[in-house]
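Report on the structure given below.
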Amino acid sequence: MMTFLTGRCLCGAIHYRVSGPPLTVDHCHCASCRKASGAPFVTWFTARAFDVDWRGAPLAWYVSSVGAERGFCGRCGSTLAYRHDAEPEEIDITVATLDHPQSLTPEHHLCWREHLPWVEPDTLGRLPLFEGTKDNAIYRQTRRHSRGDSDVTMPSSSA
Ligand SMILES: [Zn+2]
Ligand SMILES: [Zn+2]
């Protein structure tokens, strides 16, 4: 059975369908990915370029370094794609623009030497969890250090 990955940018002007499984799924922590996306790191899946069917508006491309181009929606700005002359038959696509991003599981951290200190697992895991924004918050207190305790959900005092 042929399975497809489908996705779209924020405004929906660009959408895509990928046939065939991704070659790899990775987080990239390089500074260029950060700048291009406005996020602390970007999760990419790599596909064979000829497996990707782009529809709707054409992507806008920005040459971010020699031989490398980043594709985005010229209307809403969503970061969509990355390609490099060294691998002309492959294209990277942002996992977060998939209709079902949970269908893929990241396999590696790339460019970890450039990562932000506060994306380290221990640091991220220590932060308080809010089910929504802080304003309408249900604060979820997770006791990570006492094994066997279940999560405790309690209303927060809105700060
Ligand atoms: Zn768009
Ligand atoms: Zn990167």
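The values are calculated or read from the model by the stated rules, or taken from the named source; none is laboratory data. As the structure is a prediction and not an experimental result, all values here were calculated from the model. Counting neighbours? That spans all protein chains shown, and the Cβs are built from the backbone with ideal geometry, glycine included.
Some observations on this one:
- Within the stretch 70-98, no residue that is outside the structural domain of Val42 (by TED's automatic domain parsing) sits with its Cβ atom under 8 Å from a residue that is of a type in the set (A, V, I, L, M) at 6+ positions apart or across chains.
- Whichever residue in the stretch 56-89 is under 16 Å from the mean Cα position of the chain (by Cα) and small (Gly, Ala, Ser) and, among such residues, is nearest to Leu10 (Cα to Cα): Ser78
- Whichever residue in the stretch 1-13 is in a strand (DSSP E or B) and within 16 Å of the chain's Cα centre (by Cα) and, among such residues, is nearest to ligand 1 (Cβ to nearest atom): Arg8
- The set of residues in the stretch 39-77 that are more than 16 Å from ligand 2 (Cβ to nearest atom), buried (at least 17 other Cβ atoms within 10 Å of the Cβ) and over 21 Å from Glu89 (Cβ atoms) contains only Cys73.
- Only one of Ser78, Ser64, Ser19 that is under 24 Å from Cys111 (Cβ atoms), among the polar types (S, T, N, Q) and away from ligand 1 (no atom under 12 Å from the Cβ): Ser64
- Test: residue in the stretch 13-32 that is of a type in the set (Lys, Arg) and surrounded by fewer than 17 Cβ atoms within 10 Å (Cβ to Cβ): yes
- Wholly within the stretch 14-116, strands (runs of 3 or more DSSP E) carrying at least 1 residues that are among the charged types (D, E, K, R): 14-19, 24-28, 42-48, 52-56, 68-72, 79-84, 90-94
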